[in-house]
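Enquirer: Could you have a look at this structure, given as structure tokens, before my questions?
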Amino acid sequence: MRRTLIAGNWKMNGSRDSIAALLDGILSGVDEVSAADVAVCAPFVYLSQVAERLQGSVVTWGAQDVSSHANGAFTGEISADMLLEFGCRYAIVGHSERRQYHGETDTVVADKFAAAQVAGLIPILCLGEQLEERESGVTEQVVARQLDAVLDRVGAEALAQGVIAYEPVWAIGTGKTASPEQAQEVHAFIRARVAAKAAAAGEAVRILYGGSMNAGNAAQLLAMADIDGGLIGGASLKADDFLTIARSAAA
Ligand code: PEP
């Protein structure tokens, strides 16, 4: 049985004050959310504030990126061990904005996944096709390439200890959501590809959907057989919307 995970990706948004208010809002309603694990992924500089405020609550937290290196002369990088020292649970790797604007290749993403996992974090591996790729019918090839880079690097069993987020790039921050059927089709494809390597790993791996998921469309997406939660950008910045999405997991 895969437990639903609703994870917020705040991206490069917030200030000490707005984050304090957002966390207060989430904490005021999260006790009613029993059907899902709830997590927030904050900008690095606010992680200790987030850790302190969430201590003792059911809400866990993660980083939006992590270095593929353990330590050393990598100016500006943050290692998995540094994150763990503060109580971090998750690290997003391979978000499309990192692939697109920071040149992260499939190999770099696989290295980050492995580094996060070896240190004890749960990596959230983002995959997804661009609009032109969907329109030219190569969605499965793109997703397979991104997935295989990690499968080949760590193996199916280790992959299944992490989390996958299918995020069609054309749906991120655009207000354009994949239909539940479109998303389900790709989620089933991803699961089958992991299962082809190890059946139990395919069954166990949590696959989140991300791309303009909001309070209005979450229930339908989360009702699909292979959608095990959501990675939420814009809508995770409003406590009420984020909690509504988390509550939709039980609908
Ligand atoms: C994301 O950044 O991972 C995301 C899914 O963003 P949004 O929900 O805003 O589309």
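Enquirer: Does any residue of the range 57-68 turn out to be of a type in the set (Phe, Trp, Tyr) and surrounded by fewer than 21 Cβ atoms within 10 Å (Cβ to Cβ)?
Expert: No, because not a single residue in the range 57-68 is of a type in the set (Phe, Trp, Tyr) and surrounded by fewer than 21 Cβ atoms within 10 Å (Cβ to Cβ).
Enquirer: Between residues in the range 1-29 that are within 18 Å of Ala51 (Cβ to Cβ) and among the aromatic types (Phe, Trp, Tyr) and residues that are at pLDDT 95 or above and more than 12 Å from the ligand (Cβ to nearest atom), which pairs lie under 9 Å by C-beta distance while being six or more apart or on different chains?
Expert: Short answer, once both residue conditions are applied: Trp10/Ile19; Trp10/Leu22; Trp10/Val40; Trp10/Ala42; Trp10/Pro43; Trp10/Tyr46.
Enquirer: Do the conditions hold for Glu97, that is, is it within 15 Å of the chain's Cα centre (by Cα) and charged (D, E, K, R)? Even if it seems obvious, please write down each step before you answer.
Expert: On the way: within 15 Å of the chain's Cα centre (by Cα): yes; charged (D, E, K, R): yes.
Considered against the rule, which asks whether it is within 15 Å of the chain's Cα centre (by Cα) and charged (D, E, K, R), Glu97 comes out as yes.
Enquirer: Let me ask you something else. All but one of (1) at pLDDT below 95; (2) buried (at least 17 other Cβ atoms within 10 Å of the Cβ) hold for Ala250; state the number of the condition that does not hold.
Expert: So the condition that Ala250 fails would be (2).
Enquirer: Please count how many residues of the range 11-31 are of a type in the set (A, V, I, L, M, F, W, C), within 13 Å of Ala42 (Cβ to Cβ) and surrounded by 15 or more Cβ atoms within 10 Å (Cβ to Cβ).
Expert: Restricting attention to the range 11-31, the residues satisfying the condition of being of a type in the set (A, V, I, L, M, F, W, C) are 12, 19-23, 26-27, 30.
With within 13 Å of Ala42 (Cβ to Cβ) added as a condition, the list becomes 12, 19-20, 22-23, 26.
Subset that is surrounded by 15 or more Cβ atoms within 10 Å (Cβ to Cβ): 19-20, 22-23, 26.
Total meeting the criteria: 5.
Enquirer: Another question, if that's okay. For the range 125-177, which residues satisfy the criterion of being on the phi > 0 side of the Ramachandran plot, touching a residue at least 40 places away in the same chain (Cβ under 8 Å) and within 13 Å of the ligand (Cβ to nearest atom)?
Expert: Initial filter on the range 125-177 (on the phi > 0 side of the Ramachandran plot): 128, 137, 155, 173, 175.
Still in the list and also touching a residue at least 40 places away in the same chain (Cβ under 8 Å): 128, 155, 173.
Those that are on the phi > 0 side of the Ramachandran plot, touching a residue at least 40 places away in the same chain (Cβ under 8 Å) and within 13 Å of the ligand (Cβ to nearest atom): Gly128, Gly173.
Here's the yes/no breakdown for (1) within 22 Å of Leu22 (Cα to Cα); (2) touching a strand residue (DSSP E or B) at 6+ places or on another chain (Cβ under 7 Å); (3) of a type in the set (Phe, Trp, Tyr):
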site: Ala198; (1), (2), (3): no, no, no
site: Ala204; (1), (2), (3): no, no, no
site: Ile207; (1), (2), (3): no, yes, no
site: Gly210; (1), (2), (3): yes, yes, no
site: Asn214; (1), (2), (3): yes, no, no
site: Ala219; (1), (2), (3): no, no, no
site: Ala223; (1), (2), (3): no, no, no
site: Leu231; (1), (2), (3): yes, yes, no
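Enquirer: Just checking, does the range 54-63 include any residue being in contact with a Leu (Cβ under 8 Å, 6 or more places away or on another chain), modelled with pLDDT under 95 and in a loop (DSSP other than H, G, I, E, B)?
Expert: Scanning the range 54-63 turns up no residue that is in contact with a Leu (Cβ under 8 Å, 6 or more places away or on another chain), modelled with pLDDT under 95 and in a loop (DSSP other than H, G, I, E, B).
Enquirer: How about the range 216-240: which of its residues are in a helix (DSSP H, G or I), buried (at least 20 other Cβ atoms within 10 Å of the Cβ) and within 13 Å of the ligand (Cβ to nearest atom)?
Expert: Selection gives Ala218, Leu221, Ala235, Ser236.
The values are calculated or read from the model by the stated rules, or taken from the named source; none is laboratory data. Values in this document were obtained by computation on a predicted structure and should not be read as measured data. Backbone-built Cβ (ideal geometry, glycine too); neighbour counts: all protein chains shown.
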